[in-house]
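K.L.:
Can you keep this structure in mind? I'll have questions shortly.
The values are calculated or read from the model by the stated rules, or taken from the named source; none is laboratory data. Small disclaimer: the values here were computed from a predicted structure and weren't measured. Quick reminder, even Gly has a Cβ in these numbers, built from the backbone with ideal geometry, and neighbours come from all protein chains shown. All accessible areas refer to the heavy atoms of the entire protein, side chains included, with ligands and DNA or RNA removed. Shrake-Rupley method; radii C 1.70, N 1.55, O 1.52, S 1.80 Å.
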Amino acid sequence: MPADMQNPPAQRETAAPVGSAPIKAIKLRHPWRIVIAVILVAALALFVWDAANRPAYDWPEYAKYIFDRRIAAAAWVTIQLTVYSMIIAILLGLLLAVMRLSPNPVVKSVAWLYLWIFRGTPVYVQLVFWGLISVIYNTIDIGVPGLQPLASWETSELLNTFTLAVIGLALNEAAYMAEIVRAGILSVDKGQEEAATALGMSWPQTMRRIIVPQSMRIIIPPTGNEVISMLKTTSLVVAVPFSLDLYTRSRDISAVNFNVVAMLLVASSWYLLFTSILMVGQYFLEKRFSRGIGAMRLDKNAPIDESAGTGANTGAVTTTPQTSSDEGGRI
């Protein structure tokens with residue numbers, strides 16, 4: 001029998017020529033990347049050097065007011081405005097999202113009308129209207145229309161400017177949160193809900209254990225962006241008018257010391273600090289709720305296909321959905 005007939009075909013195909021040298025991989029060079037990087041670093045260095053030596057920035061004045069007691073108090077008020085407004089907006093947005101998904105045409109129409117009004121008008125204009133609420137409605141009455149009210153309050157006494165600022169910001173943000181929540185719920189396959197119903201789960205159990213955990217992957221990223229946007233939108237509450245937030249407080253101080261640029265840098269530094277903290281929190285939340293999405297792992301226990309020759313002895317790469325008990329399982 002000839003020698004070449006004694007070896008299987010797979011072995012003849014994989015046999016390497018005698019005396020062949022190993023392939024030497026040469027790394028691709030990208031000279032233009034290096035040139036562009038050097039230009040960008042040089043431009044940044046020049047900007048920093050120029051800003052450090054430019055008298056208009058007045059860095060000594062900046063250092064004097066960066067931790068000023070009035071600025072710190074205004075920063076705390078800004079955080080309160082952001083937190084209170086977002087809590088109300090998320091709860092109201094969830095309600096509006098459910099109304100938008102309702103089969104009742106009246107309920108759906110009311111939710112659509114709300115979104116049309118608050119998304120179609122500028123937030124600054126809405127805040128101006130809330131500042132004039134005591135002029136439009138002198139009193140807040142409870143009772144039957146046309147009869148003597150059971151209770152009545154002066155609007156200006158019941159609602160202060162801080163409360164009006166929170167209400168104005170929250171109602172505007174709720175319109176955007178409603179669409180975010182609705183998109184997250186619609187991203188979950190309809191079969192998930194049908195399977196949960198077939199297993200005997202109630203609607204609250206289905207939402208809590210099946211729909212909501214899966215929709216959070218879609219809801220959290222835009223919600224984090226909306227929180228950051230809300231933090232910066234608080235600078236518009238001067239339209240109410242409310243003057244104890246971070247931007248308005250720094251502007252009032254600059255009207256006294258006539259150093260507008262330095263005070264703008266002070267306010268911007270505090271905004272950047274809060275935004276950086278929120279971005280870190282958003283990153284970990286996204287990582288927490290996106291576990292198992294697109295995960296790849298090497299299945300070392302996969303069976304080896306002997307009929308495929310020596311090329312099949314490298315293991316198998318498989319994709320497996322990674323679920324956890326706190327996600328309630330996936331159907």
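K.L.:
Translational D (Stokes-Einstein, µm²/s) of segment 52-107 at 4 °C and 1.567 mPa s when Rh comes from the Kirkwood sum over C-alpha pairs?
P.N.:
85
K.L.:
List the lysines whose Cα sits under 28 Å from the Cα of residue 190, skipping any in the same chain fewer than 8 residues away.
P.N.:
Of all the lysines, those that pass the test against residue 190 - Cα under 28 Å, at least 8 places apart if same chain - are 108, 287.
K.L.:
Can I ask one more? Compare 69, 33 by solvent-accessible area with a 1.4 Å probe and give them largest first, with all protein chains kept in place.
P.N.:
The residues order as 69, 33, largest area first.
K.L.:
Which value in nm describes the separation of the simple spin-label points at residue 275 and residue 148, placed 7 Å from the Cα toward the beta carbon?
P.N.:
5.7
K.L.:
Using a 1.4 angstrom probe with every protein chain in place, what is the largest-first accessible-area order of 153, 203?
P.N.:
203, 153
K.L.:
Under a plain spin-label model, where a point goes 7 Å from the Cα along Cα-to-Cβ, how far apart in nm are residue 44 and residue 24?
P.N.:
3.6
K.L.:
What accessible area, in Å² to the nearest ten, does a 1.4 Å probe give for residue 245?
P.N.:
0
K.L.:
Using the Cα atoms of segment 62-189 to build a convex hull, what is its mean projected area in square nanometres?
P.N.:
12.1
K.L.:
Further question: For a quick size check, give me the Cα extents of segment 128-205 along its three principal axes, largest first, whole Å.
P.N.:
Projected onto its principal axes, the Cα set of segment 128-205 covers 54, 31, 18 Å.
K.L.:
Heavy-atom accessible area of residue 162 with all protein chains present, probe 1.4 Å, nearest 10 Å²?
P.N.:
About 50 Å², ignoring ligands and nucleic acids.
K.L.:
For segment 21-87, what D do you get in µm² per second when you plug the Kirkwood radius from alpha-carbon pairs into Stokes-Einstein at 25 °C and 0.890 mPa s?
P.N.:
Numbers: Rh = 17.3 Å.
It comes out at roughly 142 µm²/s.
K.L.:
Now for a separate question. As a test of understanding, state the convex hull volume per residue of segment 115-244 from its alpha carbons, in Å³.
P.N.:
It comes to 167 Å³ per residue, whole-number rounded.
K.L.:
Can you give the accessible area of residue 26 in Å² (nearest 10), computed on protein heavy atoms with a 1.4 Å probe?
P.N.:
Rounded to the nearest 10, the figure is 140 Å².
K.L.:
I need the Kirkwood Rh of segment 166-207: take the reciprocal of the average 1/r across all distinct C-alpha pairs and report it in angstrom.
P.N.:
Numbers: mean 1/r = 0.0823 Å⁻¹.
12.2 Å is the Kirkwood radius here.
K.L.:
How much length, in nm to one decimal, is gained on full extension between residue 287 and residue 139, taken as 0.36 nm per residue of separation minus their Cα-Cα distance? The partial results should precede the final answer.
P.N.:
Numbers: separation 148, 0.36 × 148 = 53.28 nm, distance 4.88 nm.
Value of the extension gain: 48.4 nm.
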